[in-house]
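Student: Please read through the structure below; I'll follow up with questions.
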Amino acid sequence: MPLFLIFLTVPLIEIALFIEVGGFIGLWPTLGVVVLTAIAGSTLLRSQGSAAMAHIKSSFRNARDPSGPLAHGALILIGGVLLLTPGFFTDTMGLLLLVPQFRDFAIKRASRKVSAKVAQSRPQPRQNPDIIEGDFQNLDR
């Protein structure tokens with residue numbers, strides 16, 4: 001049900017904002033702002049996305065927990081998609097997600113509600129070192 005409310009309210013908010021802003025500054029300036037935010041969003045997405053990818057690679061290379069850089073990368077991607085979506089509300093949310101301090105805040109808030117368990121795989125000890133497990137196939141000719 002919450003997802004349905006999001007899909008219902010966000011377009012209504014966007015329509016209301018387009019009407020208000022369009023009535024205040026006019027049609028062409030409103031369309032210009034929407035196009036400029038899309039261009040700015042794609043530029044920010046490219047630069048911050050490549051930095052996030054470098055952080056993810058670094059965490060894997062140094063055997064550190066990659067969950068933080070992965071979360072930042074996911075939020076950067078969501079922010080970029082929101083900026084490319086026409087509308088003032090989605091642009092505001094997208095710009096907020098491209099601010100590192102806001103992403104830190106959002107990740108901390110979300111991590112309170114989400115818990116993850118780390119699974120460690122341990123090899124099972126063999127019972128008899130003379131036995132080698134395997135599969136075979138009988139080939140009768």
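Student: Please go through segment 9-49 and pick out each residue that is hydroxyl-bearing (Ser, Thr, Tyr) and either loosely packed, with under 12 Cβ neighbours inside 10 Å or under 25 Å from the mean Cα position of the chain (by Cα) (or both). Walk me through it before giving the result.
Tutor: First, the residues of segment 9-49 that are hydroxyl-bearing (Ser, Thr, Tyr): 9, 30, 37, 42-43, 47.
Of everything in segment 9-49, those that are hydroxyl-bearing (Ser, Thr, Tyr) and either loosely packed, with under 12 Cβ neighbours inside 10 Å or under 25 Å from the mean Cα position of the chain (by Cα) (or both) turn out to be Thr9, Thr37, Ser42, Thr43, Ser47.
Residues checked against (1) out of contact with any helix residue (DSSP H, G or I) (no Cβ under 8 Å at 6 or more places or on another chain); (2) outside any helix (DSSP H, G or I):
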position	(1), (2)
Glu20	yes, no
Phe24	yes, no
Thr30	no, no
Thr37	no, no
Ala54	yes, no
Gly68	no, no
His72	no, no
Pro86	no, yes
Phe89	no, no
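One line per residue, one yes/no per condition, for (1) surrounded by 14 or more Cβ atoms within 10 Å (Cβ to Cβ); (2) farther than 24 Å from Glu14 by Cα; (3) out of contact with any Leu (no Cβ under 6 Å at 6 or more places or on another chain):
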{"site": "Leu70", "(1), (2), (3)": "yes, yes, yes"}
{"site": "Leu75", "(1), (2), (3)": "yes, no, no"}
{"site": "Leu84", "(1), (2), (3)": "yes, no, yes"}
{"site": "Leu98", "(1), (2), (3)": "yes, no, no"}
{"site": "Phe102", "(1), (2), (3)": "yes, no, no"}
{"site": "Lys108", "(1), (2), (3)": "no, yes, yes"}
{"site": "Val114", "(1), (2), (3)": "no, yes, yes"}
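Every number here is computed from the coordinates shown, using simple stated rules; none is lab data. Small disclaimer: the values here were computed from a predicted structure and weren't measured. Because the Cβ atoms are built from the backbone with ideal geometry, glycine has one as well, and the counts that use them run over all protein chains shown.
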